[in-house]
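Student: Below you will find the structure I want to go over with you.
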């Protein structure tokens, strides 16, 4: 089905930070952040087993436990199983990006894109979330950034396993939609070339932002739009560097990225707007993008995100970005 028709608005809440990404977040702060999102009208929540080895799902489930289930849209992910076995210190091996959740639960997390693991992952997520259903399920991180040279073999396992299992769940009405959630465009381009199974949407993190959008703009987004596959843009702040943070690609931002952000920020200040407004509105301006899902760890960030969506951004600002080569000439901008 169309994700645009399913989602209750153009902004959702990404819960990776609730898995103690980068830092240990107190439970009451995590709960207050979800409550703030709800109180200010956000009704789409995205999570994953990988986020803190199930911690984000547990926290989100607790925060939503008193809310009417029909009042919100919920997505989680498959491709990793959270085991009862625990690991500590140097024993933990969660791949290149495992350090993101060093403060998460100590449970061992293993990759598994088979059909059986997909069904088990969905059941485990339902238990942690304390709910009876997921609306959307994403196949998580079948890309080179997590699997290196093995990513194509993992993709093939997912194609014959997770993809088909989720397509059956959609046909049976167990879920409403499924797709792929990654930080790279290559798996999505490959998926669009398949005859079947056909996904409903893609969750693309960090690849359609003010800092990185050229490849997605040239090939992926036009093809996705032509085939009716909606895009949910995750990571619109490029791991935080576009919102005052120091991370890009989940690591300390290199000098060239810091310089580029400084140039964008200077133009934003010259035109009297916030850089967060530019970041969110740029990602949403492409007609293939159905929604953005920034993450947050503090209640105040929710209000900032919503204000950024509504702040008027003058046309001369976007023209300045083009003139200085900070966005690709053909990139859509609000109003154009």
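Student: At 0.36 nm per residue, minus the direct Cα-Cα distance, what do residue 29 and residue 127 gain on full extension? Give it in nm, one decimal, please.
Tutor: Numbers: separation 98, 0.36 × 98 = 35.28 nm, distance 2.26 nm.
Separation in residues times 0.36 nm, less the Cα-Cα distance, equals 33.0 nm.
Student: Roughly how tilted is helix 115-129, in degrees to the nearest 10 and between 0 and 90, from the longest Cα axis of the chain?
Tutor: The angle comes out at about 70 degrees.
Student: Provide the packing ranking of 181-189, 228-236, 270-278, i.e. peptides ordered by the mean count of other C-beta atoms within 10 Å per residue, highest first.
Tutor: Numbers: 181-189: 22.2, 228-236: 24.6, 270-278: 18.2.
Top to bottom by mean Cβ count within 10 Å: 228-236, 181-189, 270-278.
Student: If contacts are Cα pairs under 8 angstrom and at least 6 residues apart, what is the relative contact order of the chain in percent?
Tutor: Numbers: 659 pairs, mean separation 62.7, N = 336.
Relative contact order comes out at 19 percent.
Student: Another question, then. Could you work out [θ]222 nm for the chain from helices alone, using -39500 (n - 2.57) per DSSP H run of at least four and dividing by all its residues? Round to the nearest 500 deg cm²/dmol. Each step should come with its number before you reach the end.
Tutor: On the way: 13 runs with 127 residues, N = 336.
Counting only the DSSP helices, I get -11000 deg cm²/dmol.
Student: So if I restrict to the alpha-carbon atoms in region 100-155, what is the Rg, and what is Dmax, the biggest pairwise distance, in Å?
Tutor: Looking at region 100-155, its Cα Rg and Dmax stand at 13.2, 37 Å.
Student: Given the Cα-Cα distance of residue 218 and residue 298 and 0.36 nm per residue of separation, how much length would full extension add, in nm?
Tutor: 25.3 nm
Student: In degrees, nearest 10, range 0 to 90: what is the angle between the Cα axis of helix 275-285 and the longest Cα principal axis of the chain?
Tutor: 70
Student: Also, quick follow-up: Expressed as a rounded percentage, what relative contact order does region 1-63 have, with Cα pairs under 8 Å and six or more residues apart?
Tutor: Details: 74 pairs, mean separation 29.3, N = 63.
About 46 percent, as a whole number.
Student: So, one more: Relative to the longest principal axis of the chain, what angle (0 to 90°, nearest 10) does the C-alpha long axis of helix 299-310 take?
Tutor: Helix 299-310 sits at roughly 50 degrees to that axis.
Student: I'd like the FRET efficiency for residue 266 and residue 189, computed as 1/(1 + (r/R0)^6) with the beta carbon distance as r and R0 of 45 Å, rounded to 0.05. Walk me through the numbers on the way to the answer.
Tutor: Numbers: r = 34 Å, r/R0 = 0.76.
Here the calculated transfer efficiency is 0.85.
Student: Taking 7 Å along the Cα-to-C-beta vector as the label spot, tell me the residue 85-residue 40 distance in nanometres, rounded to one decimal.
Tutor: Computed distance between label sites residue 85 and residue 40 equals 4.2 nm.
Student: Restricting to Cα pairs below 8 Å that are 6+ residues apart, what does the relative contact order work out to for region 188-268? Please round to a whole percent. Before the final figure, lay out the partial values.
Tutor: Working: 82 pairs, mean separation 22.0, N = 81.
Taking the mean separation of contacting Cα pairs over the length of region 188-268, I get 27 percent.
Student: How many angstrom separate the Cα center of region 273-307 from the Cα center of region 120-175?
Tutor: So the separation of the two Cα centres works out to 26 Å.
No lab work stands behind these numbers, since they all come straight from the coordinates. This structure is a prediction, so every number in the text was calculated from the model and none was measured. Cβ: placed from backbone, ideal geometry, glycine included. Neighbour counts: every protein chain shown.
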